[in-house]
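Please read the structure below before turning to the comments.
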Amino acid sequence: VTAFPLTQSDSEDSVLVLFQDITERKQQQQALLEREARFRQLVSLLPDATIIHRNGEILFANETAAQLLRVDSAEDIVGLTIFDFLHPDEHEKVRARMKIILQTSKPLSPENEYIVRSDGEIFLAETIAFPFEGGDENAILVVFHDVTERDRMLKALEKSEAKFRMLAELLPASVFIVNEEGQLLY
């Protein structure tokens, strides 16, 4: 509702009142707020760290990201850049990946990247990046989790297997490994 005073010289003063029905607009705004609240609740429950950034500036982070990066709360991450947490050796690669995702508007395949926690500890994370509609410019949603232990175990397994193969090759006798059905495995 908007009102304007009207002054007339030969009669009483009057008021011009204009009004417009904004019910539909208010309902749309409420629906948008409810969808955003559901999205935030859903993302906050994810077991993987999740951030949304635009041109590197972090717009949103879930609590799992805060825990993984060892900051007090997700709000402490908002406003920082992803480069504040990426190992310097990763910067060029991540910039190239950002460019690809914004040009193609398609998710990128998982990639391992070294990330630096707030206390300076470095860990290996598997990251997956998705295009994300966010306001005037497109943003990027990144989901990541710590794979340091998995990577360490894979390397140890490879090393152990290499030792086994070397030992088997050097033995003066034939070495066979078969399963319960008698199928030759090695």
Self-check item: Where GluC sites (Glu not before Pro) fall in DSSP loop in the range 83-172, at most 15 other Cβ within 10 Å
Solution: GLU121
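Any chance you could run the full-extension gain for LYS159 through VAL116? It's 0.36 nm times the residue separation minus the Cα-Cα distance, nm to one decimal.
Numbers: separation 43, 0.36 × 43 = 15.48 nm, distance 2.69 nm.
12.8 nm is the gain from fully extending LYS159 to VAL116.
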Quiz item: For the chain, modelled as a Gaussian network with Cα springs under 10 Å, which listed residue fluctuates most, SER118, SER14, SER160?
Solution: SER14
Quiz item: Helix 91-104 versus the longest principal axis of the chain: what angle, 0 to 90°, nearest 10, using Cα atoms?
Solution: 60 degrees
Quiz item: Dipole of the chain (Lys/Arg Cβ +1, Asp/Glu Cβ -1, origin at the Cα centre): which of LEU167, GLN20, ILE140 lies farthest to the positive side?
Solution: LEU167
Practice problem: Return the label of the correct value of volume of the Cα convex hull per residue in Å³, as calculated from the structure shown, out of (1) 169; (2) 242; (3) 111. | Solution: (2)
Practice problem: Putting +1 on Lys and Arg Cβ atoms and -1 on Asp and Glu Cβ atoms, find which of PRO5, SER109, HIS91 reaches farthest to the positive end of the dipole of the chain. | Solution: SER109
Quiz item: So, with a 1.4 angstrom probe, what is the percent of accessible area on the chain that is carbon and sulfur?
Solution: 56 percent
Exercise. Would you mind counting up the charge near ILE140? Only other residues with Cβ under 12 Å from its Cβ, with Lys and Arg at +1 and Asp and Glu at -1.
Key: +2
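Under a 1.4 Å probe, what is the accessible area of the chain per residue, stated in Å²? All intermediate terms of the calculation are to be shown ahead of the outcome.
Values: 13410 Å² over 186 residues.
Solvent-accessible surface per residue comes out at 72 Å².
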Self-check item: FRET efficiency, 1/(1 + (r/R0)^6) with R0 35 Å, evaluated for TYR186 and GLN67 via beta carbons
Solution: 0.25
Quiz item: Based on Cβ point charges of +1 for Lys and Arg and -1 for Asp and Glu, what charge dipole magnitude is obtained for the chain about its Cα centre, in debye rounded to the nearest 20?
Solution: 760 debye
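Less than 10 Å Cβ to Cβ from GLY56, Lys/Arg counted +1 and Asp/Glu -1: what total charge do the surrounding residues give?
Numbers: positive: ARG54, ARG95; negative: GLU57, ASP84.
With Lys, Arg at +1 and Asp, Glu at -1, the neighbours total 0.
The values are calculated or read from the model by the stated rules, or taken from the named source; none is laboratory data. On a predicted model such as this, the values are computed, not experimentally measured, just so you know. Every residue, glycine as well, gets a Cβ built from its backbone with ideal geometry; the counts of neighbours run over all protein chains shown. Heads up: the accessible areas ignore ligands, DNA and RNA and are worked out on the full protein's heavy atoms, side chains in. Shrake-Rupley method; radii C 1.70, N 1.55, O 1.52, S 1.80 Å.
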